[in-house]
Amino acid sequence: METKFQTSYQNVAFTVGTGRCGTQFLSRILSLEPKVASVHERNPFNETFHRYCKWYGIPIDHEGFLQTKEQEIQADFERYAFSVESSAHLSLSIKELYERFNAKFVLLVRRPDQVVNSYRYKGWYSQPVVRSDIHLPPSYQSSHESHHFLGRIFPSGEVFERWRKMTQVGKLAWYWNELNRQVLQQFSAIPQSHWRIQKLEDLSYTQYLEIAQFIGFPSHVSEGEYQQLATRRPNATSHTSYQEKIAQASGTGPRAAFTVDMWNPTEIAEFESAVAAVAAKLGYQYEVDTLLKGSQDSLSEVSNKAQPSDKVTVDVSRAKSAPDPDLESLIYVSNGNLPSKMAHNIQVAKMSQALSKCVNSFELVTAGDIASFLRGMDEAFREWYGIHSPYRLVRLPLYRKFDYPFPIDHVNPFFCRVASLYTYWRSPELVYTRSPKVVDFMLALQVPVLWEEHELLTPPFPKHLTDRLTHKDLVGFVTLSKDIAQGYIEAGLSPEKVMIAHSGVDLESFRPNQEKSVARQKLGLPQDEKIVLYAGHLYEYKGIPTLIETAQLLPQHRFVLVGGWEADVERTRTFCQAKAVDNVSLMGHVEHSQLATYLYAADVLVIPNSRSWRLATTTSPLKLFEYMAIRRPIVASALPNIVTVLRDHDNALLAEPDNPHSFKEAIAKLLADPALSEQIVIRAAQDVQRYTWEKRSRRILRFANSQLQQMERAHHSLIYRTLVILKILIFH
């Protein structure tokens with residue numbers, strides 16, 4: 001329905017975006033059109049104040065903002081037929097401008113990595129935010145330009161607490177994603193005939209003519225005039241930052257620009273997580289591995305073209321991506337209890353499969369008996385973990401005979417020592433382990449070791465831990481979240497040695513896709529019921545009481561719980577009986593290779609983790625990524641580390657932890673809205689591509705290799721290593 005203002009206004013347009021990326025250029029081109037009044041950032045104070053109020057949800061009367069705009073537009077029409085203003089400050093004012101002026105909008109977007117590096121170069125978010133109440137709009141903040149403090153955008157509430165701890169790259173990536181997301185959301189509320197999205201990388205003369213036609217006028221700008229301005233704009237190609245680096249190398253550039261290859265692993269992880277949702281919608285590549293390859297190729301091309309004519313000599317190797325992750329040799333030392341029903345051993349087995357593809361020589365070391373030592377990786381092990389790409393499995397024969405799987409919490413007091421001596425004798429380039437004891441043995445033997453740890457650390461910090469964290473041969477520390485890493489940093493670990501990486505998923509284990517009805521037939525599950533499924537242990541901190549109470553609120557649906565020790569299954573069954581809940585099916589433990597069929601049988605998958613768990617803020621559950629791969633909608637607890645992967649109403653529905661009514665509403669909403677469910681599963685299936693074990697492994701090994709190149713390594717002969725081992729065995 002048109003307003004009285006819309007009927008009186010035509011030929012009004014605005015170009016918006018995340019910054020001045022292209023808005024100045026497009027404004028200059030438009031100013032050459034004889035019928036167009038083209039202005040760039042006409043009234044920054046008016047526009048940024050309006051954006052500030054819109055962003056923080058401050059109720060205001062829009063009339064002052066709109067009347068000012070109206071006076072400006074009317075002045076344009078006194079001399080011109082069209083009024084076009086280009087300003088990123090108007091990105092949140094689309095609704096009001098459309099309703100008042102029947103305006104059209106062009107959203108100019110640019111590759112997220114280039115926007116992040118550009119704003120990092122300019123110092124955006126380099127200073128701490130001054131804020132005492134994270135739930136209130138912030139007051140004055142220092143800024144590069146005087147009007148910017150009115151439009152400075154930060155998150156609020158708990159999101160701000162997580163954002164505050166992010167790197168500058170992570171904060172800028174959040175900004176790119178969030179502002180573009182809100183522009184797209186505003187576009188969805190107005191007719192599609194009134195908005196257009198233009199990638200700056202694709203902006204050409206032909207594209208410009210299409211923009212002119214979209215606004216409503218025939219262009220009078222020649223291609224020569226367009227190209228003359230186009231060659232002078234700062235971001236003239238999609239590889240600007242690399243051209244800046246070349247300019248600096250030749251002595252023509254003022255200073256080094258920031259580039260993706262300069263990012264550390266934490267920055268990479270934050271960037272990929274932050275921009276994923278909108279980058280996918282806009283068709284932008286955001287996985288850093290791919291960006292690095294593309295940038296390296298393009299830099300080589302620019303360098304080769306520059307040398308003959310410009311006599312510029314460029315050291316391309318300086319701008320190459322981080323070192324190739326491929327190492328000569330790597331040994332992963334487990335806790336000596338594979339296979340077992342412990343969830344962390346799934347990660348060890350799957351990571352080993354991925355790591356084995358990245359190195360020339362790989363071994364996973366665990367305990368075993370003489371027969372299994374001779375067999376190595378057998379069919380039973382492959383089936384237990386769903387290993388489709390076998391690797392070398394070394395089972396040190398510490399038992400005469402052993403029946404697998406290992407019991408719960410099985411520990412062999414000799415394994416870590418024997419495994420460490422074996423590893424030292426083998427002399428790999430790098431040792432990877434989740435065992436602190438193995439770390440200590442490796443450091444004592446002066447062997448470079450990469451330690452992965454998922455446990456929180458709190459003071460006091462014992463001296464032996466500080467010694468471990470500061471040892472010169474500790475290559476790095478891999479963990480799931482910044483909260484975990486912070487404790488170890490406080491205990492003495494260098495932040496430069498920290499690598500944060502979420503858990504992952506083996507997509508091959510969930511292929512081929514299974515039809516829901518076929519999966520249910522295999523499992524003997526009812527075809528005529530809606531199934532809400534949980535997979536994992538049945539501990540209370542996993543939110544099982546909340547899930548049972550949710551089932552009580554949805555008696556018409558079947559809740560299937562897959563997993564759990566026998567004692568936990570019985571305890572849960574007793575809890576259900578006490579609550580008189582009869583729509584819960586307890587399946588008990590299943591081998592990981594059988595899990596996919598259960599997940600494909602579901603209508604909704606749930607992660608009800610409790611906020612009362614001590615690891616609630618740091619958990620990165622394996623099931624999260626497995627759920628995403630299955631193409632079933634997910635309902636999950638809105639816990640800090642989970643929401644770095646899942647986004648409400650985008651790739652999942654988030655529920656309040658420990659609140660069965662919140663879970664009930666989310667589950668019911670998905671079951672009642674097939675379109676929303678389909679939207680969520682499509683986005684989750686796209687996002688999970690970033691979280692494969694292979695990509696996690698390559699990021700970790702790239703990080704480890706960069707650390708190794710800065711370390712001095714003592715290389716000992718086989719005879720020397722053998723003598724050291726004999727000395728230890730005899731005298732210790």
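The values are calculated or read from the model by the stated rules, or taken from the named source; none is laboratory data. Just so we're clear, the structure is a prediction, and the values are computed from it rather than from any experiment. Here the Cβ is made from the backbone with ideal geometry for all residues, glycine too, and neighbour counts use every protein chain on show.
Answer yes or no as to whether GLN141 is out of contact with any helix residue (DSSP H, G or I) (no Cβ under 9 Å at 6 or more places or on another chain) and outside any helix (DSSP H, G or I). Considered against the rule, which asks whether it is out of contact with any helix residue (DSSP H, G or I) (no Cβ under 9 Å at 6 or more places or on another chain) and outside any helix (DSSP H, G or I), GLN141 comes out as no.
Does at least one position in region 639-657 carry a residue that is among the hydroxyl-bearing types (Ser, Thr, Tyr), surrounded by 18 or more Cβ atoms within 10 Å (Cβ to Cβ), within 20 Å of ASP603 (Cβ to Cβ) and not assigned by TED's automatic domain parsing to the domain that holds TRP163? The answer is no; no qualifying residue exists.
The rows are residues; the columns are (1) surrounded by fewer than 16 Cβ atoms within 10 Å (Cβ to Cβ); (2) assigned by TED's automatic domain parsing to the domain that holds SER352; (3) outside any helix (DSSP H, G or I).
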{"residue": "SER517", "(1), (2), (3)": "yes, no, no"}
{"residue": "LEU538", "(1), (2), (3)": "no, no, yes"}
{"residue": "PRO545", "(1), (2), (3)": "no, no, no"}
{"residue": "GLU549", "(1), (2), (3)": "no, no, no"}
{"residue": "GLN552", "(1), (2), (3)": "no, no, no"}
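Only residues that are under 20 Å from VAL333 (Cβ atoms) and surrounded by 16 or more Cβ atoms within 10 Å (Cβ to Cβ) were counted in region 386-396, giving 6. Scanning region 350-370 for residues that are of a type in the set (Gly, Ala, Ser), more than 23 Å from the chain's Cα centre (by Cα) and farther than 18 Å from ASN412 by Cα yields a count of 2.
Within region 335-377, the set of residues being more than 25 Å from LEU538 (Cα to Cα) and either touching a helix residue (DSSP H, G or I) at 6+ places or on another chain (Cβ under 6 Å) or among the aromatic types (Phe, Trp, Tyr) (or both) comprises ALA354, LEU355, CYS358, PHE362, LEU364, VAL365, ALA367, PHE373. Is it the case that some residue within region 584-604 is in a loop (DSSP other than H, G, I, E, B), acidic (Asp, Glu) and touching a His at 6+ places or on another chain (Cβ under 9 Å)? Yes: one or more hits.
Which one is farthest from the chain's Cα centre (by Cα) among residues in region 469-513 that are basic (Lys, Arg) and closer than 24 Å to ILE331 by Cα? If you could, list the steps in order and put the result at the bottom.
Taking region 469-513 and keeping what is basic (Lys, Arg), we get 472, 482, 497, 511.
Restricting the remaining residues to those that are closer than 24 Å to ILE331 by Cα gives 472, 497.
Details: LYS472: 30, LYS497: 20 Å.
The extreme case among them is LYS472.
Being outside any strand (DSSP E or B) and buried (at least 18 other Cβ atoms within 10 Å of the Cβ) is the requirement here; does ILE29 meet it? The answer is yes for ILE29. Scanning region 562-575 for residues that are buried (at least 17 other Cβ atoms within 10 Å of the Cβ) and more than 20 Å from ILE667 (Cα to Cα) yields GLY563, GLY564, ASP568, VAL569, THR572, PHE575. Count of region 416-444 residues, restricted to those that are closer than 26 Å to ALA501 by Cβ and outside any strand (DSSP E or B), is 17. For region 104-123, a residue qualifies if it is free of Cβ contacts under 8 Å to residues at least 40 places away in the same chain and either outside the structural domain of PRO218 (by TED's automatic domain parsing) or not in a helix (DSSP H, G or I) (or both), and exactly one does: GLY123. Taking helices (runs of 4 or more DSSP H) as the structural unit, those lying wholly within region 617-732 and holding at least 2 residues that are over 30 Å from GLU496 (Cα atoms) and of a type in the set (Lys, Arg) correspond to 660-672, 718-731. Of all residues in region 74-103, those being closer than 21 Å to PRO34 by Cβ and either surrounded by fewer than 23 Cβ atoms within 10 Å (Cβ to Cβ) or outside the structural domain of GLN186 (by TED's automatic domain parsing) (or both) number 9.
The single condition among (1) of a type in the set (Phe, Trp, Tyr); (2) part of a helix (DSSP H, G or I); (3) crowded, with 24+ Cβ neighbours inside 10 Å that PHE559 does not meet is (2).
Does TYR98 satisfy being touching a residue at least 40 places away in the same chain (Cβ under 8 Å) and within 37 Å of the chain's Cα centre (by Cα)? Yes: the conditions hold for TYR98.
Take VAL159 and decide whether it is modelled with pLDDT of 90 or more and within 21 Å of the chain's Cα centre (by Cα). Give the derivation first.
Values: modelled with pLDDT of 90 or more: no; within 21 Å of the chain's Cα centre (by Cα): yes.
So VAL159 does not fit the description; no.
Scanning region 329-376 for residues that are among the charged types (D, E, K, R), closer than 14 Å to TYR432 by Cα and assigned to a strand (DSSP E or B) gives a single hit, GLU363.
Residues in region 472-493 that are surrounded by fewer than 21 Cβ atoms within 10 Å (Cβ to Cβ) and at pLDDT 90 or above were compared, and the one that is farthest from SER435 (Cα to Cα) is GLU490. ALA578 satisfies every condition listed in (1) part of a strand (DSSP E or B); (2) farther than 18 Å from ILE667 by Cα except (1).
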